1. Along the Cα→Cβ direction, 7 angstrom out, place labels at residue 61 and residue 86. What is the inter-label distance in nm?
2. Quote the relative contact order of the chain in percent (integer), defining contacts as alpha-carbon pairs under 8 Å separated by 6+ residues.
3. Subtracting the Cα-Cα distance from 0.36 nm times the residue separation, let me have the gained length for residue 1 to residue 31 in nm, one decimal.
4. What is the diffusion coefficient of region 3-91 in µm²/s, taking the Kirkwood radius over Cα pairs and the Stokes-Einstein relation at 37 °C with a viscosity of 0.692 mPa s?
Ligand code: FES
């Protein structure tokens, strides 16, 4: 399974098959920056520094333009990692989900 690394927090999580970046982070106990989680607002937009992602449904050009894609931006609420990826999030954009929030257990990190 692909590994998602988030900079600058250096957080690494496993992306289960078919899961988006936002879903994978949530499953591992991390809340990233997002709002609609449907690809409609652009709030989650983030630089894809390394690796490839795919989108199961077409994205609205108004949310992520071709120029933005060419510049290396992705839409984590809809992007499914194809291989190991590295994305950038703002310094305070990633935070642990409180224990009181329902969340599946964190999957183990793979051996390096
Ligand atoms: S959260 Fe709205 S587009 Fe990703």
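Since every read-out is calculated from the coordinates, none of them should be taken as a lab result. As the structure is a computational prediction, the values presented were derived from the model and not from experiment. All Cβ positions, glycine included, derive from the backbone under ideal geometry; neighbour counts span all protein chains shown.
1. 3.3 nm
2. Values: 220 pairs, mean separation 43.4, N = 112.
For the chain, the relative contact order is 39 percent.
3. Working: separation 30, 0.36 × 30 = 10.80 nm, distance 2.04 nm.
Between residue 1 and residue 31, full extension yields 8.8 nm more.
4. Details: Rh = 12.7 Å.
For these conditions, the coefficient is 258 µm²/s.
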